[in-house]
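Notes follow once the structure below has been shown.
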Amino acid sequence: MRLSVAPDVADALASGRPVVALESTIISHGLPRPDNLAAAHLFEQLLVDAGVVPATIAVLDGELKAGLTPDELDRIANEDVPKLSVRDLPVALARGGSGATTVAATSFIADRAGIRVFATGGLGGVHRGAAETFDESADLTVLSEVPITVVSAGVKSILDIGATLERLETLSVTVLGYGTEEFPSFWLRSSGHPLDWSVPDAAAVAAVMASRDELGQSSAIVVANPLPVDEQLDPATHDRALEEALRRAEEKHVTGKEVTPFLLETIVEITGGESLAVNLKIAENNIRVAAEIATAWARR
Ligand code: PSU
Ligand code: MN
């Protein structure tokens, strides 16, 4: 397989030291330039500071990458690379192309590299109106097939959160509230959707990972990690921005894989960057928890 694992990542995996995978679509499509490159460096540094080796995942020049050099990180942040999900990977490899990986493609590549824990901001999910459009992220179906533990702040309220949770159930993806009994809605701590299972700490997540392996299951564990309430987006600002972004997407007939980036950019614009600041906090918060989980896992 054309998979290049960075030397520090390969060393850590070989000696059982903690590694956390990071996705690259959040860098290329989820955050605006030039903040995106600074954020990408910060995300890696948070892991390094926690004694964990970061492995940012992407596709470059026809090769799957687990762990990027600073130059490679710069390319993802500053070149107009496409967003690649799992179905796009064979085409990118065949053409010698490059791209940023979604949660689905990152999970797939991280698993092939032998990485067990992955931190992102929010997962893709079932879009509003999916009953007519069938727009559901491949993140969900891929997570039913890849035994990775992914830390996220739930899914954004731009999606249909209830339908997303139903699909995760159907797909046998284990969902754990991290210090919460409720599924978070990314910018907000609450979504109104209760969860079946809550865990208090990283060691409890590692114990569930071990049980999953013991059962020989192939599906992912989603760790739903909400922001502290004093760090969340103001709920009134949130509701106003969401409504307006959904209206504009409909008016402009935005469809397919453009929907997520369009809504996110529009919400950043409407909130005057406030949603972006919260977005960064969410990613940082998830990375810290992922570092603790990877460390607890490495100790077992
Ligand atoms: N949610 C976010 N920010 C993002 C994404 C999702 O809050 O940048 C990205 C992730 O990479 C996710 C992808 O895997 O969008 C899902 O896109 P789609 O719905 O087209 O599958
Ligand atoms: Mn879609």
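Rule-based calculations on the coordinates, nothing more; no lab input. Please read these numbers as outputs of a predicted model, since none were measured by experiment. Quick reminder, even Gly has a Cβ in these numbers, built from the backbone with ideal geometry, and neighbours come from all protein chains shown.
Tabulated results
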read-out	value
For Arg112, net neighbour charge (Lys/Arg +1, Asp/Glu -1) across residues whose Cβ lies under 13 Å away	0
Hull volume in cubic angstrom per residue (convex hull over the Cα atoms of the chain)	122
Amide N proximity, the stretch 122-148 versus Glu250 label position 7 Å along Cα-to-Cβ, cut-off under 12 Å	128-129
Environment charge of Arg17, counting only residues whose C-beta is closer than 14 Å and scoring Lys/Arg +1, Asp/Glu -1	+1
Per-residue Cβ neighbour rank within 10 angstrom, fewest leading, Glu132, Glu79	Glu132, Glu79
The stretch 141-211: GluC sites (Glu not before Pro) in DSSP coil with no more than 11 other Cβ atoms inside 10 Å	Glu181
Those aspartates and glutamates that a straight Cα-Cα span of less than 16 Å connects to Lys65, excepting residues fewer than 8 apart in one chain	Asp8, Asp11, Glu23, Glu44, Asp74, Asp88, Asp111
Neighbourhood charge, 13 Å Cβ-Cβ cut-off, centred on Asn286 and excluding it, Lys, Arg +1 and Asp, Glu -1	-2
Contour excess over end-to-end distance, with Cα ends at Leu42 and Glu265 and 0.36 nm allotted per residue	78.2 nm
The chain: antiparallel DSSP beta bridges as a percent of all, rounded to 5	30
